[in-house]
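Have a look at the structure below before the remarks.
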2 protein chains.
Amino acid sequence: MELRYPNGKVYKENPGTYNTQEKQKNILYGNRGMTLEDDLNETNAYYLQEGIAVIHKKPTPIQIVQVDYQSRSTAVIKEAYFKQPSTTDYNGVCCGKYIDFEAKETQNHTSFPLHNFHKHQISHMKQVVAQGGICFVILRFAKEEEIFLLESRHLFFYWDRMLAGGRKSIKKEEIEATGYPIPVGYRPRIDYIAILKKLYNF
Amino acid sequence: MELRYPNGKVYKENPGTYNTQEKQKNILYGNRGMTLEDDLNETNAYYLQEGIAVIHKKPTPIQIVQVDYQSRSTAVIKEAYFKQPSTTDYNGVCCGKYIDFEAKETQNHTSFPLHNFHKHQISHMKQVVAQGGICFVILRFAKEEEIFLLESRHLFFYWDRMLAGGRKSIKKEEIEATGYPIPVGYRPRIDYIAILKKLYNF
């Protein structure tokens, strides 16, 4: 039964609860120094646990130069170097669909620099799209805590514009116009699958 | 027009060519010490180049302990350890389908030991299948140069049989009965996509 105040406003039990929780959330998450990678790892662990999707971050590619085999069971890598990734960082499967994406953040306020991506990653994304995979990037404006999903076809447009001599970044307005904001939640933290399900009807 | 010898046998121009090429192939490949991983990397490079599929081997997961930043651009990893992979080694996309597999070889003649797989990999494969991905293993009997594709559902059967106290390996006859032989070719070396296309109609 709906109760109302004398002025006609609907009575809600403990009306402050929602705001208090929101505030606590901001305290909890705003200050715990989590990176976009941490948030995505948590999100993917949640998807895995709930049977929603199987998405993993690929290990960092490393060129191993010297290994010490101290015993049969332990091998210590003594000299190695980071290699530039030739693919994106994340891939996996959801409802039979191949999912592939890269995640990057910027401290900028008004644009997202394209130097965050390597040309090999762009080539990889184009190959994935050609094979019918679902490919996108997750872009985070760290200062504003704003996160967007941008389908790779739009990234290709901005990338090709740069190659043609145009701007070396994507304007934030452009991301707002062509991408989809991902609200930061609790579980999952960054629910990109929800957006994909709407976009691709699966 | 078909020409025949007086004895009825079909005449082939330069009948030795095929065998000679086969022999050369055996010399070229039989002795060049290529591992299953090398062959699969070549196969995947071919698929990528020809626009047939986008499949990559994941980097080996490594736990980094100490890094020397000698200059702005160079970082040398001074201490690191190999981690056990929690997923399979290969994944990617072909015709929109998510493809996921592990490749292993044995020096055995009559059976394939199940200790080649870790329980985390089996869990991962089960998660992939539950999401509608295509999941399998490529098994190589190194001595005989025989390679099989075995769908993961059969691997699960043999794995569960082991957990229930049964044999710790898969008999070669069982692999022959439930898997598919992959002939070793030139380009691609190990054409597993051809088998998948027939099996899954894509």
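The numbers here are math on the coordinates, done by the rules we state, and not lab data. Please read these numbers as outputs of a predicted model, since none were measured by experiment. Neighbour counts run over all protein chains shown; Cβ positions are idealised from the backbone, glycine included.
Along Cα-to-Cβ, 7 Å out, sits the label point; list in nm, shortest first, how far the one on residue A:42 is from those in the other copies.
Counterpart label points of residue A:42 in the remaining copies fall at 4.7 nm.
What is the average number of partner chain Cβ atoms found within 10 Å of a Cβ in A:75-82?
Working: counts 3, 6, 10, 6, 6, 9, 4, 6.
Shielding by partners across A:75-82 averages 6.
May I ask for the distance between the Cα centers of the range A:93-116 and the range A:144-161, given as a whole number of Å?
If we compute the Cα centre of each part, the gap is 7 Å.
Find, among the trypsin sites (Lys or Arg not before Pro) in the range A:44-106, those assigned to loop by DSSP (not H, G, I, E, B) with at most 13 other beta-carbon atoms within 10 angstrom. Present the calculation step by step, with values, prior to reporting the outcome.
Details: sites: A:57, A:72, A:78, A:83, A:97, A:104; in loops: A:72, A:83.
Loop-located and lightly packed - A:72, A:83.
Less than 12 Å Cβ to Cβ from residue A:166, Lys/Arg counted +1 and Asp/Glu -1: what total charge do the surrounding residues give?
Residues near residue A:166 contribute +2 overall.
Provide the per-residue ³J(HN,Hα) series for the range B:147-161, in order, calculated from phi with Karplus coefficients 6.51, -1.76, 1.60 and θ = phi - 60°, each as a whole number of Hz, with x at glycine and proline positions.
Once rounded to whole Hz, the list reads 10, 10, 9, 10, 5, 4, 4, 6, 4, 4, 4, 5, 5, 5, 4.
Once you've got the Cα coordinates, tell me which of A:58/A:198; B:119/B:172; A:172/B:126; A:58/B:119; A:172/A:198 are over 30 Å apart.
Values: A:58/A:198 26 Å; B:119/B:172 22 Å; A:172/B:126 41 Å; A:58/B:119 19 Å; A:172/A:198 23 Å.
From the list (A:58/A:198; B:119/B:172; A:172/B:126; A:58/B:119; A:172/A:198), the Cα-Cα distance tops 30 Å for A:172/B:126.
If I take the Cα coordinates of the range B:99-202 and project them onto the principal axes, what are the three extents in Å, biggest first?
If we take the Cα atoms of the range B:99-202, the spans are 41, 35, 21 Å.
Label-to-label distances across copies for residue B:198, with labels 7 Å out along Cα→Cβ, in nm, shortest first?
For residue B:198, the inter-copy label distances come out at 4.5 nm.
Taking each label point as 7 Å beyond Cα in the direction of the beta carbon, state the distances from residue A:107 to the same residue in the other copies, shortest first, in nm.
The answer, with the shortest distance listed first, is 5.4 nm.
Amide H neighbours of residue B:189 under 5 Å, at least 5 residues apart or on other chains, H built in the peptide plane: list them.
B:43
Can you list residues from other chains, or at least 5 along the same chain, whose modelled amide H is less than 5 Å from the amide H of residue B:67?
B:78
Find the all-direction average of the projected area of the Cα convex hull for the range A:48-139, expressing the result in square nanometres with one decimal place. Intermediate values should be presented prior to the final figure.
Details: hull surface 37.9 nm².
For the range A:48-139, averaging the hull's shadow over all directions gives 9.5 nm².
Can you work out ³J(HN,Hα) from phi for every residue in the range B:46-63, in order, using Karplus 6.51 cos²θ - 1.76 cosθ + 1.60 and θ = phi - 60°, giving whole Hz and x for Gly and Pro?
Rounded to whole hertz, the list is 5, 4, 5, 4, 8, x, 8, 6, 10, 10, 10, 7, 6, x, 5, x, 10, 9.
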